[in-house]
Amino acid sequence: STISMNSLKTSLLKLECHFTWALLKQDVDLHHLEETTGDQVEFFTESNITNYNLLSYICHLKDSDEEALRNLQKAEEAAQKCNPNEFDWRILVTWGNYAWIYYHMKRYEEAQTYISKVENSYKKLSSAAQGKIQLPEICAEQGWALLKFGEKYYDRAKDCFETALRSEPNNPRFNAGYAIVMYRAEDFSRRRCEDISPSLQPLKRAMELNPKNTFIMVLLGLKLQDLKRVEEGERYIEEAMQINPDLPYVQRYAAKFYRRKGELDKALEILKKGLAVIPKSSFLHHQVGLCYKKKLLQLKQTTKYPPQEQVEELIRLAIFHIKIAIEEKKVFFSAHMDLATMYAEGKRYKEAEETFQKAFCINILSYDDKQSYYYNYGNFQHFHMKSESEAIRYYLEGLKIEKESYGRSMCRKALVKLLERRIQRGSRDPRDFGTLGLVHNLSSEKDKAIECYEKALALCPDNEEYLSALCELRLSI
């Protein structure tokens, strides 16, 4: 029987699965996503259906459809294991993925078979309900997938978990997903100086519903640490370490807690245990690098003349681990910034410059990443290359992206400090006054901006740029 291609495509687009959820290849590092999802299969067996479904989609994006099919078989086996007598609705996502992969392999009959399996399941359901039913399990599956594709997808992931929770407010899995997305989104909003929707309540709620969920436990510990409730946070971290001392996910967050608390040796000990289990984890290597970076900072703050070989060894160790983190995850932006600054510390300026350039070429940079880049690169020009004019140029680029973030406010501070210092030293360069005028203008400080432009014009009376800026400012007040 010939299947009409049009009707096949129409049916495929109606399926709820990874192929219809608009998860774009260019937004992730596929190799890294495959690694971490593989790790999760090993350590979080209860969510294996979810992970195998995602792995099959990743395999398809990497053009290995045969392997994609093997992962879908594993998802089916996992569904059988979970509750053999009960129908697991998540299997509909697996069947949807099967249909799409067979379609891409031009095995249209098999694609149609899986479409029918999904449609028949829905028919059984909807004989009771009218129209299209939203299954909370499937909304949550979509939420987990979106969460894995990174910060661009957090808002959509949050909506999915909220929808699932409207049907089943007490479902521990849905509450955990919602709490994780709220925690990550909050972290993300903080960098962007946006209003923060707090994750403390969702984390506590998820804990109540599943008191043994160590993944939630460690996030709650870190959250309490953010809120300066360190002792309370540490209790959760310690409990998680008791329940699952060998789980890399518990180790990575516990180590982060102790690093931020300043207990660097304890953090390193935990991280090394984690690396024994997942030797290629970019997260763990990056955290190890950050510990050595912080040790260097501590050494410099506490010792007037720190021993050179000790300094060099800490720099060497930090570079060694952060480099591995980047090899494993090519789009790891903050790790690039850390690596470049460590190269600069070690006076390896050529490598620092190369690392900065690589970071800027990452294709998924958000505006706040770019502002952070300009701030860090400006610092490099200022303190290592000893070029104030280049530093001013890059800080200014960061400030010109007119959306608030931590990086932008750091660019502003650095600029004001640098320009005011030049002026205090008796600079008669109209550009210093003009640039400071621009900084105040971009920071909506109009009176200060006018004052600076007037001084610039006193030194350089015919400058068109300063004249027009001044006119515009006076008109706007």
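The values are calculated or read from the model by the stated rules, or taken from the named source; none is laboratory data. Model, not experiment: these values are computed from the prediction. Please note: Cβ atoms are built from the backbone with ideal geometry, for glycine as well, and neighbour counts cover all protein chains shown. These area figures cover heavy atoms from the full protein model, side chains too; ligands, DNA and RNA do not enter into them. Shrake-Rupley method; radii C 1.70, N 1.55, O 1.52, S 1.80 Å.
Some notes on this structure:
- Qualifying residue in segment 16-37 (condition: more than 21 Å from the chain's Cα centre (by Cα) and either assigned to a loop (DSSP other than H, G, I, E, B) or modelled with pLDDT under 90 (or both)): yes
- Candidates Y453, Y406 - the one that is of a type in the set (F, W, Y) and either assigned by the TED database to the domain that holds Y373 or farther than 30 Å from D368 by Cα (or both): Y406
- Of all residues in segment 420-477, those satisfying the criterion of being open to solvent by less than 20 Å² (accessible area, probe 1.4 Å) and within 22 Å of E404 (Cα to Cα) are L436, G437, V439, H440, A449, L473.
- Number of the exception - R316 against (1) touching an Asp or Glu at 6+ places or on another chain (Cβ under 7 Å); (2) part of a helix (DSSP H, G or I); (3) among the basic types (K, R): (1)
- Residue match in segment 234-249 (condition: outside the structural domain of S334 (by the TED database), part of a helix (DSSP H, G or I) and farther than 25 Å from D265 by Cβ): no
- Selection over segment 209-255 of residues that are buried (at least 23 other Cβ atoms within 10 Å of the Cβ) and β-branched (V, I, T) gives a count of 4.
- Just one of the numbered conditions (1) surrounded by fewer than 22 Cβ atoms within 10 Å (Cβ to Cβ); (2) out of contact with any Leu (no Cβ under 6 Å at 6 or more places or on another chain) is not true of A340: (1).
- Being within 24 Å of E194 (Cα to Cα), in contact with a Gly (Cβ under 8 Å, 6 or more places away or on another chain), open to solvent by less than 20 Å² (accessible area, probe 1.4 Å) and of a type in the set (A, V, I, L, M, F, W, C) is a property that A335 has.
- Checking each residue of segment 414-428 against the condition of being within 34 Å of the chain's Cα centre (by Cα), part of a loop (DSSP other than H, G, I, E, B) and aliphatic (A, V, I, L, M) gives no match.
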